[in-house]
1. Under a plain spin-label model, where a point goes 7 Å from the Cα along Cα-to-Cβ, how far apart in nm are V142 and F46?
2. How far is it, in nm, from the label point at R153 to the one at D72 when both lie 7 Å from their Cα along the line to the Cβ?
3. Once you order the gyration tensor axes a ≥ b ≥ c over the Cα atoms, which shape class does the stretch 66-114 get: rounded for a/c under 1.5, otherwise prolate or oblate by comparing a/b with b/c?
4. Chymotrypsin sites (Phe, Trp or Tyr not before Pro) within the stretch 61-121: which are DSSP loop residues with at most 16 other Cβ atoms inside 10 Å?
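Nothing in this text is a laboratory measurement; each read-out follows from the coordinates by a stated rule. Bear in mind that the values here come from a model prediction, so they are computed numbers and not experimental data. When we count neighbours, we look across all protein chains shown, and the Cβ atoms used for this are built from the backbone with ideal geometry, even at glycine.
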Amino acid sequence: MSGPESVADAVPGAGEVTATVIVNAPAARVFAAFTAWERQGEWIPFTTVRVVRGDGGPGTVLEATTAMGHADQRDEMRVERVDPPYEVRVLHCGRLLRGPGVLRCTPMGGERTQVVWHEWFRLPLGLAGRIAWPLLWPGSKVSLTQALKRFARLVEAGVLP
């Protein structure tokens, strides 16, 4: 972990983003696809995910690197809780992105699963970060939603997990 972790890191921040998708697949398969950590780059654009330490369960440390051109952003996170096939919780604890995130899979009738991905980032840069967030939020919401839609298509096609 690059930054000091504290109890404050786990407190939801003001940078809240939620995306939802319905996947035409059973919850166990959807959950397995989401927790195939190193395959997340197949559905999150410009992103590579690697397991730094652990077996994918609680305590696992992940590093997601999003690269666009010459700029890249590293997101370090620790898996806090895994409750298959319903929920996984992570704690973003990198330099820039900090705060909790959760993915919930809710089984529905007909082998369908509702996926809700929710992040509460602690905004960097103090007041400047809080002022910039309303401008950045729409792009964050759209990109998270598009990533989940791509995820759903790959699961439904049998590409994931």
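1. Roughly 1.3 nm, to one decimal.
2. Going by the 7 Å Cα→Cβ label model, 2.6 nm.
3. Working: a/c = 4.33, a/b = 1.90, b/c = 2.28.
Oblate is the answer for the stretch 66-114, as a/c is 1.5 or above yet b/c matches or exceeds a/b.
4. Values: sites: Y86, W117, W120, F121; in loops: Y86.
Sparse-neighbourhood loop chymotrypsin sites (Phe, Trp or Tyr not before Pro): Y86.
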